[in-house]
Structure formats: structure tokens, C-alpha cells
1. Residue pairs, Cβ under 6 Å, 6 or more apart or interchain, first in the range 1-25 and surrounded by 10 or more Cβ atoms within 10 Å (Cβ to Cβ), second not in a helix (DSSP H, G or I). List them.
2. Out of (1) touching a residue at least 12 places away in the same chain (Cβ under 8 Å); (2) of a type outside the set (K, R); (3) exposed (fewer than 10 other Cβ atoms within 10 Å of the Cβ), what's the single condition that is false for Q66?
3. Is it the case that the range 35-46 has a residue that's within 30 Å of L3 (Cβ to Cβ), assigned to a helix (DSSP H, G or I), out of contact with any Leu (no Cβ under 6 Å at 6 or more places or on another chain) and not aliphatic (A, V, I, L, M)?
4. Can you find even one residue in the range 36-48 that is on the phi > 0 side of the Ramachandran plot and modelled with pLDDT under 95?
Amino acid sequence: MHLPRAALGWSLFSFSVGVDIGQACIVLAVAPALALLYRRNAIAAERVVAAAAFGVVFVGSFWFTQRLF
């Protein structure tokens, strides 16, 4: 990417902070919705969480396999 040596640390730090902010935004958007769903119907909330976890594992496994081969 032809980054200057002096900016390498700053670039890595900025990228990491940006990723963390993005993850925090997702959690802040999803957590209240899940809490509300859990209060209304605990079984449905557990199913949504399980389905989301399965989706994350599936996509992660797909990307891992894709990059492996």
C-alpha cells in the first residue's frame, strides 16, 4: 500500500479503532432489540440468538475455507 514508515503505526491504530467502533455500533443496535424480544418471548429470543450464532459460524467457516484453498 506504499505507506510511509512513519505513518505505519498510526495507520494500524486508526484501522483498529475504526473496527472497534464499528463492532460497538452493531452491539449497541442489536442488544436493545434482543433485550426487548427476550422480555416479550424468551424462547423466540433464544432461537434468534442461536440462529445468529449459527450464521456467524457458517460465514466464518466459509471465509476460512475459501482463504485456505
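1. Pairs found: S11/L3.
2. Unmet condition: (1).
3. no
4. no
The values are calculated or read from the model by the stated rules, or taken from the named source; none is laboratory data. This structure is a prediction, so every number in the text was calculated from the model and none was measured. Cβ: placed from backbone, ideal geometry, glycine included. Neighbour counts: every protein chain shown.
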